Amino acid sequence: MAVVTLKDVRKVYAGGVEAVKGVSIDIPDGGFCVLVGPSGCGKSTLLRMVAGLETISSGEVAIGDRVVNDIEPAERDIAMVFQNYALYPHMSVYDNIAYGLRNRKTPKDEIDRRVQEAARILAIEPFLQRKPRALSGGQRQRVAMGRAIVRKPQVFLFDEPLSNLDAKLRVQMRVEIKKLQRALGVTSIYVTHDQVEAMTLSDKLVVMSGGQVEQVGTPTEVYRRPETRFVATFIGSPPMNILPGVVETDGRVSVGGQSLAAADMATDLKPGLAVDVGIRPEEAEIAAPGVAGCAFAIDFVEELGATELLHGTIGEGAFVLQVPTGSVPNGTKQVALTIAPNCVHVFDRETGKRLSRRPAEASKAA
Amino acid sequence: MEKRSVYTNKLLPYLLLAPQLVITLVFFYWPASQAVWMSFRIEDAFGISTEFVGFENYVTLFGQRSYYESMWTTLVFSLAVTILAMSFSLLLAVMADKQIRGGSVYRTLLIWPYAVAPAIAGVLWLFMFQPSLGMIGRGLIAAGVPWNPMLNGDHALLLVILAAAWKQISYNFLFFLAGLQSIPKSLIEAAAIDGAKPARRFWTIIFPMLSPTTFFLLVVNIVYVFFDTFGIIDAITHGGPAKATETLVFKVYSDGRLGGDLGGSAAQSVVLMVIVIALTAIQFRYVERKVTY
């Protein structure tokens, strides 16, 4: 178990393509850090650099107090779970799990004890003598986990381990991974493009885009206070609505002709400045009768069961509202919305950065 | 769903199968049965009449010392060629599989020898190793190595082994490379993280995963050394000196075509056929069990 520290890590491929553009992250001992972002954002490359499968162009990766830049993957004391599981097809499940221990010349009875223990934890004891191809996707996933935990490494690395599973199994394995990581207390880095996995698993969420870190924080921080427009629309489902707005005075912003209070908007902005205003679909509320609010024209409704999504427009901008099913009578064409001041996020239209009352550094520390 | 195909026309399936069946019958079963039939007969010296003699040809054959010598030569030759051709091509494939600059050029160059006709390959090697003309042959002699494949049977055998192996390396290389490239990269990475050093990775992961390729090549290479090396041997040594490079297939030719003993030659080819069928059957029976697909 160890602290993992990334200091200004860069990856430049031959030909000059910069896949990772200077990433610094500290992961505390026993922490669960999730790297999330769209494909091609450099998250997998970053993970593979920690694993030692990619060279580090510049910067420093440290596991514990040891800089591992020039250390072989085998010597880094890490274990990795791959997206396609990477089980050795010609070996039995037992041999797959034992392989790493055998390579390290662990005594035979010790290997047996640890393989049996891992198999018990993961409930794969009945399959130990089978070949991987005789297993289902979920069972293979467990074997891959077994191969990782049996070595008792300092760090677990997960490279989209659940994306080959069907939706139901994915939810189940997600919970199991979280439980297992808690129980073992091993520092973990987990790469995914699935923002639900990212939110539920992490205690440290790193949102990446274009080789850069967009935001680091707890899942709640990232959800409540996205630092950039990208993070705002990437985390949360359905994604945050972004509407064109204009800064008014007194911490207010005008959206579609309506004036909204924005609690966190920077106070030094020039009135009249064009900005992007973000509002989460689940955070706008239908105004009580007689209360003034934002005019929301409904085009159509998507039923989700417990909730429904109302698609429509506010002013010129597309807007989605998520409300409990039955909140609006059938055939309603227009409703008024009230939006709490702390649910109005304001972003710079050019840079996409949050225009916050508090500086970004201060909020990161908080 | 009906698993068998259903044809409304009763003749059509037979018609569709006919070309394949005709080819097999005309080019395999007919010559093979002719060989079996001829192996029971003796032809007179002028080729005018033949006489049924039962197993006499076989009895004569197995009474000849030269036949056992040819078998021994064949054994040494086939083992050496198969081992050389397969191990070298695997080595080359492993090296070509690495991400190197100009890798595709190497790969193309390594495949070329396969396009060289056996007789030409044989002549090329003969030229290189000819003791008085060949570059390497003269070099060896200049370096004080007593080298003469024209007179020394062991040297001649070594030369045909090298030439025959060289000819087959390209073919094996192609399959090994394809085999290597079909191994998922993440398996190798997983093994690296699992603490396996490159050599151990090769023997515990890559080599077992190549086993279907290796098995296929083993069968193909053995058939190759038994039958298809005739051209190379004929071009380099004509089976000489003093029959030192006379393999079974070459002996079939020299006894039958040159010696005029068609019956005996036919008996030899039947024995050869039986040996190769038996070898292939053994491989499928025993070696294939160790293959994981």
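The values are calculated or read from the model by the stated rules, or taken from the named source; none is laboratory data. Because the structure is a prediction, the values reported are computed rather than measured. Cβ: placed from backbone, ideal geometry, glycine included. Neighbour counts: every protein chain shown. Ligands, DNA and RNA are stripped out before the accessible areas are found, and what is left, the full protein with its side chains, is counted by its heavy atoms. Shrake-Rupley method; radii C 1.70, N 1.55, O 1.52, S 1.80 Å.
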Boolean, A:VAL207 is assigned to a strand (DSSP E or B), touching a Gly at 6+ places or on another chain (Cβ under 7 Å) and open to solvent by 50 Å² or more (accessible area, probe 1.4 Å): no
Positions within segment A:135-154 being more than 12 Å from every other protein chain (Cβ to nearest Cβ) and of a type outside the set (Lys, Arg), in sequence order: A:LEU135, A:SER136, A:GLY137, A:GLY138, A:GLN139, A:GLN141, A:MET145, A:GLY146, A:ILE149, A:GLN154
Any pair with Cβ under 8 angstrom, 6 or more apart, that starts in segment A:191-206 at a residue that is in contact (Cβ under 8 Å) with a residue 40 or more places away in the chain and ends at one that is open to solvent by 50 Å² or more (accessible area, probe 1.4 Å) and assigned to a loop (DSSP other than H, G, I, E, B): A:HIS193/A:SER39; A:GLN195/A:SER237; A:VAL196/A:SER237; A:SER202/A:THR218; A:ASP203/A:THR218; A:LYS204/A:PRO28; A:LYS204/A:THR218; A:LEU205/A:THR218
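The rows are residues; the columns are (1) open to solvent by 20 Å² or more (accessible area, probe 1.4 Å); (2) part of a loop (DSSP other than H, G, I, E, B); (3) not hydroxyl-bearing (Ser, Thr, Tyr).
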{"residue": "A:ASP268", "(1), (2), (3)": "yes, yes, yes"}
{"residue": "A:PRO271", "(1), (2), (3)": "yes, yes, yes"}
{"residue": "A:ILE298", "(1), (2), (3)": "no, no, yes"}
{"residue": "A:GLY305", "(1), (2), (3)": "yes, yes, yes"}
{"residue": "A:GLN322", "(1), (2), (3)": "yes, no, yes"}
{"residue": "A:GLY326", "(1), (2), (3)": "yes, yes, yes"}
{"residue": "A:LEU337", "(1), (2), (3)": "no, no, yes"}
Any hit, segment B:36-58, residues being assigned to a helix (DSSP H, G or I), loosely packed, with under 10 Cβ neighbours inside 10 Å and without any contact (Cβ under 8 Å) to a residue 12 or more places away in the chain: no
Sole residue being surrounded by fewer than 17 Cβ atoms within 10 Å (Cβ to Cβ) and away from chain A (no Cβ under 14 Å), chosen from B:ALA143, B:ALA163, B:ALA121: B:ALA143
Condition broken by B:ASP228, with the remaining ones in (1) in contact (Cβ under 8 Å) with a residue 60 or more places away in the chain; (2) more than 14 Å from chain A (Cβ to nearest Cβ); (3) farther than 14 Å from B:GLN168 by Cα satisfied: (3)
Checklist (1) on the phi < 0 side of the Ramachandran plot; (2) more than 9 Å from chain B (Cβ to nearest Cβ) applied to A:LEU101, failing item: (2)
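Yes or no, residue by residue, for (1) small (Gly, Ala, Ser); (2) open to solvent by 30 Å² or more (accessible area, probe 1.4 Å); (3) within 22 Å of A:LYS152 (Cα to Cα); (4) away from chain B (no Cβ under 14 Å):
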residue: A:PRO28; (1), (2), (3), (4): no, yes, yes, yes
residue: A:LEU47; (1), (2), (3), (4): no, no, yes, no
residue: A:GLY52; (1), (2), (3), (4): yes, no, yes, no
residue: A:THR55; (1), (2), (3), (4): no, yes, no, no
residue: A:ASN69; (1), (2), (3), (4): no, yes, yes, yes
residue: A:GLU72; (1), (2), (3), (4): no, yes, yes, no
residue: A:HIS90; (1), (2), (3), (4): no, yes, no, no
Residue check for A:CYS41: crowded, with 21+ Cβ neighbours inside 10 Å, assigned to a loop (DSSP other than H, G, I, E, B) and not polar (S, T, N, Q): yes
Output for segment B:167-212, where each listed residue is β-branched (Val, Ile, Thr) and either at positive phi or more than 13 Å from chain A (Cβ to nearest Cβ) (or both): B:ILE169
